[in-house]
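Step one of this worksheet: look at the structure below.
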Amino acid sequence: QFTTKVVSCQAAELRPEGGGEPVRGFQVVLEDTILFPEGGGQPDDRGLIGDVPVLRVTRRGPEAVHFVQTELEPGASVLLSLDWERRFDHMQQHSGQHLITAIADLMFGFKTTSWELGRQRSVIELDTPSVTAEQIEALERSVNEKIRERVPVTVRELAADDPEVETVRSRGLPDDHTGPVRVINIEGIDSNMCCGTHVSNLSDLQVIKLLGTEKGKKNKTNLVFLAGNRVLKSIEQSHNTEKALTSLLKNGPGEHVEAVKRLQSSVKLLQKNNLNLLRDIAVLIARDFKSKPVQSQLFVLHRKEGDSEFMNIIANEIGTEETLLFLTVGDEKEAGLFLLAGPVEAVENLGPRVAELLGGKGAGKRGRFQGKATKMSRRGEVEALLQEYVSHQRAET
């Protein structure tokens with residue numbers, strides 16, 4: 001916690017990180033703050049000004065701007081409280097990144113070009129086209145050895161014109177930077193310009209787990225990692241998943257992969273058999289219709305199970321020279337698929353109207369119009385429309 005004063009409070013809007021409508025509130029500048037504004041690859045802090053939640057902290061030149069939804073009085077003395085769990089998590093990930101970056105460079109000459117502290121995992125972009133599994137294993141072993149050695153992490157401030165600044169690892173200062181240069185030093189390992197928050201000793205990182213690599217930008221590799229409490233949370237999540245799978249699959253964790261492979265094979269076989277049965281049913285439905293002494297000019301069919309192929313087989317078997325077919329598959333109360341087939345002129349006229357009635361979209365050519373429907377419950381209205389069309393055509397002939 002920290003007591004400070006409100007310098008200014010201005011009406012503003014905040015765009016939520018996940019998108020959506022802007023949130024109305026106020027941008028508050030304090031005399032000083034313990035809440036970190038986003039920057040240097042690290043997200044911002046959260047906390048309270050009095051009992052008012054701080055929803056975002058951003059940097060505006062040398063100032064930290066706090067977004068809140070309650071207006072605060074300039075000149076008022078306020079108690080600032082920090083969300084320590086979020087802050088410590090960010091400290092662990094950021095110091096972990098510095099350590100991984102330094103050791104990757106020392107061991108293999110891999111330079112870090114950027115990094116991102118994510119909500120679940122963090123990513124370091126390395127300036128190399130590939131990293132081997134053996135290199136990842138060696139890197140992970142080395143960084144965890146440094147954690148066990150309890151190496152101190154210190155913060156220094158240097159004047160911008162201090163010659164030592166030239167010896168410090170850096171990707172460059174922001175264009176609007178003023179004042180001293182802040183340097184994070186991992187004793188005997190790394191010295192790096194950084195504005196972020198860090199642990200005071202590598203032992204506070206607890207452990208680092210390298211999750212592997214992903215393809216990055218051209219000739220770069222993304223190294224994914226977890227540090228500290230995130231490793232424990234990941235293990236807990238994996239263990240809970242393992243327990244659930246053990247209960248469902250009725251075997252031990254070591255047999256889960258093989259059990260799932262067998263299930264996938266069974267599902268594929270069942271799906272294949274199901275498709276074959278659907279095709280046979282489609283043929284039988286069509287033959288039954290054609291076997292009747294007097295064939296109707298309108299054929300309507302709905303089936304819960306089926307697909308586009310099922311409907312097209314029926315249309316192919318019946319033939320669409322004389323008969324107008326309206327076929328649908330899917331749950332009557334939800335979305336589904338439809339096919340209107342028949343004489344070209346009839347389908348061209350009726351297709352868009354059928355799609356509109358069913359709350360769907362479709363397209364067609366050469367006497368077939370098919371698509372998706374969101375209002376299958378309105379099939380009765382479509383059938384009435386088609387029956388009226390057929391009756392009108394019959395009356396004309």
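Quick notes on this structure:
- Among the trypsin sites (Lys or Arg not before Pro) within region 251-313, those in coil by DSSP and having at most 11 neighbouring Cβ atoms inside 10 Å are Lys304.
- Selection from Val168, Leu126, Ile235, by position along the positive dipole direction of the chain (Cβ): Ile235
- The angle between the Cα long axis of helix 308-318 and the main principal axis of the chain comes to about 10°, on a 0 to 90 degree scale.
- Residues whose placed amide H lies under 5 Å from that of Asp190, excluding near-sequence neighbours: none
- Between 0 and 90°, nearest 10: helix 379-396 axis offset from the chain longest Cα axis: 40 degrees
- Taking a ≥ b ≥ c as the square roots of the Cα gyration tensor eigenvalues, region 248-347 comes out prolate, since a/c reaches at least 1.5 and a/b is larger than b/c.
- Average Cα contact separation per residue, region 87-235, under 8 Å, 6 or more apart, as relative contact order %: 33 percent
- Residue pairs, from the table Lys261/Lys372; Lys292/Lys333; Lys268/Lys372, whose Cα atoms sit over 27 Å apart: Lys261/Lys372; Lys292/Lys333
- Less than 5 angstrom separates the built amide H of Leu325 from those of Phe299, Ala341, Gly342, all sequence-distant by 5 or more or on a different chain.
- Loop-located GluC sites (Glu not before Pro) in region 283-319 whose Cβ has at most 14 other Cβ within 10 Å (DSSP): Glu305
- The chain - percent of accessible surface contributed by carbon and sulfur, probe 1.4 Å: 50 percent
- Per-residue ³J(HN,Hα) for region 144-159, Karplus 6.51 cos²θ - 1.76 cosθ + 1.60, θ = phi - 60°, Hz, x for Gly and Pro: 6, 5, 5, 5, 5, 7, 6, 6, x, 10, 10, 10, 10, 10, 10, 5
- Trypsin sites (Lys or Arg not before Pro) restricted to region 348-388 and DSSP loop, no more than 13 other C-beta within 10 Å: Arg366
- Candidate lysines for bridging to Lys365, where Cα separation is under 26 Å - those fewer than 8 sequence places away on the same chain excluded: Lys290, Lys304, Lys375
- The phi-based Karplus calculation (6.51 cos²θ - 1.76 cosθ + 1.60; θ = phi - 60°) puts the 3J(HN,Hα) values of region 92-109 at 5, 5, 6, 5, x, 5, 4, 5, 4, 4, 5, 5, 4, 6, 5, 7, 10, x Hz, whole numbers, x for Gly and Pro.
- Over region 2-82, relative contact order from alpha-carbon pairs under 8 Å, at least 6 apart, %: 37 percent
- Given +1 at the Cβ of Lys and Arg, -1 at the Cβ of Asp and Glu and no other charges, the dipole of the chain around its Cα centre is 1640 debye to the nearest 20.
- For Lys217, the aspartates and glutamates whose Cα comes closer than 18 Å to its Cα, not counting residues fewer than 8 places off in the same chain, are Glu116, Glu125, Asp127.
- Evaluating 6.51 cos²θ - 1.76 cosθ + 1.60 at θ = phi - 60° for every residue in region 39-56, the Karplus couplings come out as x, x, x, 10, x, 7, 7, 10, x, 10, 10, x, 10, 9, x, 8, 8, 6 Hz, glycine and proline recorded as x.
- Using the Cβ of Val300 as centre and a radius below 11 Å, the other residues enclosed give a net charge of 0, where K and R count +1 and D and E count -1.
- Where region 238-397 is the region considered: accessible area per residue in Å², 1.4 Å probe: 63 Å²
- In this structure the amide hydrogen of Leu211, modeled in the peptide plane, comes within under 5 Å of the amide hydrogens of Val224, Phe225, Leu226, none closer than 5 places in sequence on its chain.
- Each Cα pair under 8 Å and six or more residues apart adds its sequence gap; the mean of these over the residue count of the chain is a relative contact order of 10 percent.
The values are calculated or read from the model by the stated rules, or taken from the named source; none is laboratory data. If you're wondering where the values come from, they're calculated on a predicted model, not measured in any experiment. We place every Cβ from the backbone using ideal geometry, glycine too, and count neighbours over all the protein chains shown. The accessibility values were calculated without ligands, DNA or RNA, using every heavy atom of the protein model including side chains. Shrake-Rupley method; radii C 1.70, N 1.55, O 1.52, S 1.80 Å.
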